[in-house]
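A.B. asks: So that we are looking at the same thing, I have put the structure below in structure tokens.
The values are calculated or read from the model by the stated rules, or taken from the named source; none is laboratory data. Just so it is clear, the model here is predicted, and its values are computed rather than measured. Reconstructed Cβ throughout: ideal geometry from the backbone, glycine too, with neighbour counts over all protein chains shown.
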Amino acid sequence: MSKIVIIGPAYPLRGGLATFNQRLAKQFSDEGHECSIYSFSLQYPSFLFPGTTQYSIDPPPADLKIFTAINSINPFNWIKIGNKLKKNRPDIIVVRYWLPFMGPALGTILRRVKKNRHTKIIAITDNILPHEKRTGDVPFTKYFLKSCDGFITMSEKVMNDLRRFEKGKPAKQVLHPLYDNFGFPVQKEEARRYLKIAQDDFILLFFGFIRKYKGLDLLLDAMAILKKKSLLPTPIKEPDAVQTGLPTGQVDPPLTTHHSPLTIHLLVAGEFYEDSEPYLQQIRNLGIEDDLILKTNFIPDNEVKYYFSAADAVIQPYRNATQSGVTPLSYHFEKPMIVTNVGSLPALVPHEQVGIVCEPNAASIAMAIQRYIELGENYFLPHLRNEKLKYSWSTLTKTVFELSNMV
């Protein structure tokens, strides 16, 4: 049995990082290890936090030891926590790194811990450099990376970014495990009743915090293209002639007209992490108000299953990406995806197997939506269920131990 500490957000903080850390802690515990989480008493100063609140309204997770301890802007706190962890002598610290702002706090804590000459420090690096660049990104990241012994990335892009800064220390790439702690899927009819969504509509789900790099504006333009031209496809019953893979330089076929009306609604489920007004003005200008279902508040954990279960497809129209927590959520709820050809998304969503890959522009996204409807949700499910088997939490914990044995 090993003594393991995870450093990163956890309850009562909310969001994907907290959910991930709690699920990882459960996996370590289920495997017989002693595991605790050191989370933040202050994660971000309020003026740096783009949402409405940093805190969850859900009940606390059962059977997890969470210490709300780290103040991200107080150097005296960093030294105190570092000394405490040095004295506690965990065998392994798994530290999350997602934003250079956290580099000084985490790097200082870990430098104190390493003075015990016992604890191995493995960083799960969600990002090396952020989507939105800021002053200090490079020095803060360098400071953090020097305090770690090994690294785990969940995309090739992040691995490449890591190797720009840290060429010698061991690193491994793994798939982002399934978010399987949001409950089981429910029947589509039940989910739509819960969300008060029409049973017969085609529902596209855009899920998660709304930020510029996620391309919601491109998706809104794509919805307007489909509406303007009434370009709705004839469903294809047989998948035999469908080619797999994304051919280089392929020119998308022209859009075709459907023989009977199909109502497409875009369900936007997630909180604005930037000014909402440009999006709302775009919606008004495009005249697509009636084609959208806006649930632009934070979605509690106990409601996530209804949003994914209600959807016919999940869409990620990102301008750029490393990996996305929406992808393992979609795998868990067995929802095929439409994604753009950026970052690791094409590798995680094999084209015309688990979903459709398109280019990050409105015309290509519109044609991808049409192609998806032509094939139908059921076409993708056998491929998706097979691919889903790769996304296990035990693979991640095994990788942590492999890296700790290499340093």
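A.B. asks: Go through SER392, SER364 for me and flag whichever is more than 17 Å from PHE202 (Cβ to Cβ) and surrounded by fewer than 17 Cβ atoms within 10 Å (Cβ to Cβ).
C.D. replies: SER392
A.B. asks: Take the residues of the range 153-170 that are without any contact (Cβ under 8 Å) to a residue 24 or more places away in the chain and not in a helix (DSSP H, G or I): which is surrounded by the most Cβ atoms within 10 Å (Cβ to Cβ)?
C.D. replies: GLU166
A.B. asks: Same structure, new question: Being under 22 Å from the mean Cα position of the chain (by Cα), assigned to a loop (DSSP other than H, G, I, E, B) and surrounded by 22 or more Cβ atoms within 10 Å (Cβ to Cβ) is the filter here, so list the residues in the range 126-152 that pass it.
C.D. replies: Listed by number, the residues that qualify are ASP126, ILE128.
A.B. asks: Are any residues in the range 201-217 part of a helix (DSSP H, G or I), in contact with a strand residue (DSSP E or B) (Cβ under 8 Å, 6 or more places away or on another chain) and more than 10 Å from LEU266 (Cβ to Cβ), and if so, which ones?
C.D. replies: Matches in the range 201-217: LYS214 only.
A.B. asks: Hey, another quick one. Which of the residues spanning the range 172-200 are more than 22 Å from LEU384 (Cβ to Cβ) and either assigned to a strand (DSSP E or B) or acidic (Asp, Glu) (or both)?
C.D. replies: Result: LYS172, ASP200.
Yes/no matrix, rows are residues, columns are (1) in contact with a Gly (Cβ under 6 Å, 6 or more places away or on another chain); (2) without any contact (Cβ under 8 Å) to a residue 12 or more places away in the chain; (3) under 30 Å from ASN361 (Cβ atoms):
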{"residue": "VAL174", "(1), (2), (3)": "no, no, no"}
{"residue": "PRO185", "(1), (2), (3)": "no, no, no"}
{"residue": "GLN199", "(1), (2), (3)": "no, yes, no"}
{"residue": "GLY208", "(1), (2), (3)": "yes, no, yes"}
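A.B. asks: Counting only residues that are more than 16 Å from CYS148 (Cβ to Cβ) and under 29 Å from the mean Cα position of the chain (by Cα), which one in the range 75-104 is surrounded by the fewest Cβ atoms within 10 Å (Cβ to Cβ)?
C.D. replies: Here the residue is PHE101.
A.B. asks: Output yes when any residue across the range 383-401 is in contact (Cβ under 8 Å) with a residue 12 or more places away in the chain, closer than 28 Å to MET223 by Cα and part of a loop (DSSP other than H, G, I, E, B), and no when none is.
C.D. replies: No, that holds for no residue.
A.B. asks: What residue, of VAL242, VAL268, is at pLDDT 50 or above and β-branched (Val, Ile, Thr)?
C.D. replies: VAL268 is the lone residue from the list that is at pLDDT 50 or above and β-branched (Val, Ile, Thr).
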